[in-house]
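Read through the structure below, which is laid out as structure tokens, and then see the notes.
What follows is calculated from the coordinates using simple rules that are stated; it is not laboratory data. No experiment lies behind these values; they were computed from the predicted model shown. Methodologically, a virtual Cβ is constructed for each residue, glycine included, from the backbone with ideal geometry; neighbour enumeration extends over all protein chains shown.
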Amino acid sequence: MLEAALTGGFWISVLQIIAIDILLGGDNAIVIALACRRLPEKQRRQGILWGVAGAIVLRVILIFFALQLLAIPFLKIVGGLLLLWIGVKLLQPEGEHENENVAGSAHLLGAIRTIIIADAVMSLDNVIAVAAAAKGDLTLVIFGILVSIPIVVWGSKFVLKLMDRLPIVITFGGGLLGWIAGDMLLGDAIVTPYVEGLPGWIKHAASLAGALSVVAIGIWLARRTAQPMAVVEVVSSGRHVGSEDGK
Amino acid sequence: MLKLLVPVDGSANSDRVIDHLIHDRAAGEATELHLLNVQIPVDSGHARMFFSSSDVEAYHREEGQQALKTAREKLDAAGMTYTWHVAVGPVAGTIVGFAHEHACDRIVMGEHGSSALTHLLLGSVASEVSRSASVPVMLVK
């Protein structure tokens, strides 16, 4: 652990994990807010609290399983492919899949159920990516979970603003996920015997191929589904006539 | 009548813009006020997976109303006439697009929004607006 901390690889993984947490964790809080929207004021805070707690607990459980599973041959290939998909998905402007609509509950239990299901889906993305970037280093895994907590709790508005101001961040994030995926694919127990004798740059080449393919496919898909250049979308407006006008 | 577009994000800074407008109205020419709050779209596939688009839209509407609240209260108290709008989209682009579509003569906004940290890290919406707008942009310090 200490030796690892002294090498550059460790710090690169740390940066990768922070970036992943920001990119994949930002919408978690928004989903929780959406799920609790119709609750009465008092229950809303309860719902948000339970939702956040659920997100964190689910992450810990999922990452525990992910680490066990990724040791099994072939599953790193599955994980790597999933990660490529998550990267491509990140680059899509809007979810083209219309909702299954678990939502809209006016009851605390219903809202919590929605949050837990959504948490599970969202945490899965995050957990696979963090597990891949950590490469089995438990310190990094724990670090990854700890960093994601404040982002889920407070970071959503900032992440939204970040993506609004610097859209390139999303492209970068997709590329990063592809990079990690390429590395993970080569790390699978089935693949390692074949790459063992090969020079070290093979790993970087696989990562680069992963990054480039995610960005290329992601942008291509995004172009295809893009709507014609948007007119300003006004969702609400009104007029107030004042009493002291024209004075 | 001079048509003013006033982007409002609910921060103390955008409220100061409103104060300035109220203070200024006695001196200046007659103006038509348009308050605009822009909500950043919840683009994530996750939110769209679990919530209907009408749910997401209602969320944006509520957040927008919330952001407009103090500005509207100030204008109401001053007895001024105004129109308010909540739009969804990339913030700077939507402000500029709105000004264009509604043929506004001028954009009046705060130098930066709610958080000094965000401003430091990401730069301000105001500078992006003043760079890309086709009408004069007035920044209130």
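Out of residues 5 or more away from B:Glu32 or on other chains, whose amide H comes under 5 Å of its own, with H placed 1.01 Å from N in the peptide plane?
Counting only residues 5 or more places away or on other chains, the set is B:Leu2, B:Lys3, B:Leu4.
Where is the GNM fluctuation largest for chain A (alpha-carbon springs, 10 angstrom cutoff): A:Trp201, A:Trp85, A:Trp50?
Per the Cα network of chain A with a 10 Å cutoff, A:Trp201 tops the list.
Within 10 Å of each Cβ in peptide B:74-82, how many partner chain Cβ atoms are there on average? Round it to a whole number, please. Walk me through the numbers before you get to the answer.
Working: counts 0, 2, 3, 1, 3, 7, 7, 8, 6.
Per-residue shielding by partner chains comes out at 4.
What residue among A:Gly200, A:Gly182, A:Gly173 shows peak mean-square fluctuation when chain A is described by a Gaussian network model with Cα springs under 10 Å?
Largest GNM mean-square fluctuation: A:Gly200.
When the Karplus curve 6.51 cos²θ - 1.76 cosθ + 1.60 is applied with θ = phi - 60°, which whole-Hz ³J(HN,Hα) does each residue of the stretch B:68-79 get, with x for Gly and Pro?
Per-residue couplings from phi come out as 7, 3, 5, 4, 5, 4, 4, 5, 4, 4, 7, x Hz.
Taking θ as phi - 60°, what are the ³J(HN,Hα) couplings along the stretch A:167-181 by the Karplus curve (6.51, -1.76, 1.60), each to the nearest whole Hz, with x for Gly and Pro?
x, 4, 4, 5, 4, 4, x, x, x, 4, 4, x, 4, 5, 4
Could you give the dipole magnitude of the protein assembly as shown about its Cα centre, charging the beta-carbon of Lys and Arg +1 and that of Asp and Glu -1, in debye to the nearest 20? Present the calculation step by step, with values, prior to reporting the outcome.
Details: 29 positive and 35 negative charges, 58 e Å.
In total the dipole reaches around 280 debye.
Compute a Gaussian network model of chain B, connecting alpha carbons closer than 10 Å, and tell me which residue from B:Ser11, B:Ser54, B:Ser127 fluctuates the most.
Result: B:Ser54 has the largest fluctuation of those listed.
Calculate, for B:Ala77 and A:Arg223, the FRET efficiency according to 1/(1 + (r/R0)^6) with r their C-beta to C-beta distance and R0 45 Å; round to the nearest 0.05.
Efficiency computed from Cβ-Cβ geometry: 0.40.
Would you work out the charge dipole size for the stretch A:2-225 about its Cα centre, treating the Cβ of every Lys and Arg as +1 and the Cβ of every Asp and Glu as -1, and quote it to the nearest 20 debye?
Dipole size: approximately 620 debye.
So for B:Met49, A:Met184, fewest C-beta neighbours within 10 Å to most, what's the order?
The fewest-first ordering by Cβ neighbours comes to B:Met49, A:Met184.
Are any of the pairs A:Lys76/A:Lys157; A:Lys42/B:Lys69; A:Lys42/B:Lys141; A:Lys89/A:Lys157 more than 28 Å apart by Cα-Cα distance, and if so, which?
A:Lys76/A:Lys157; A:Lys42/B:Lys141
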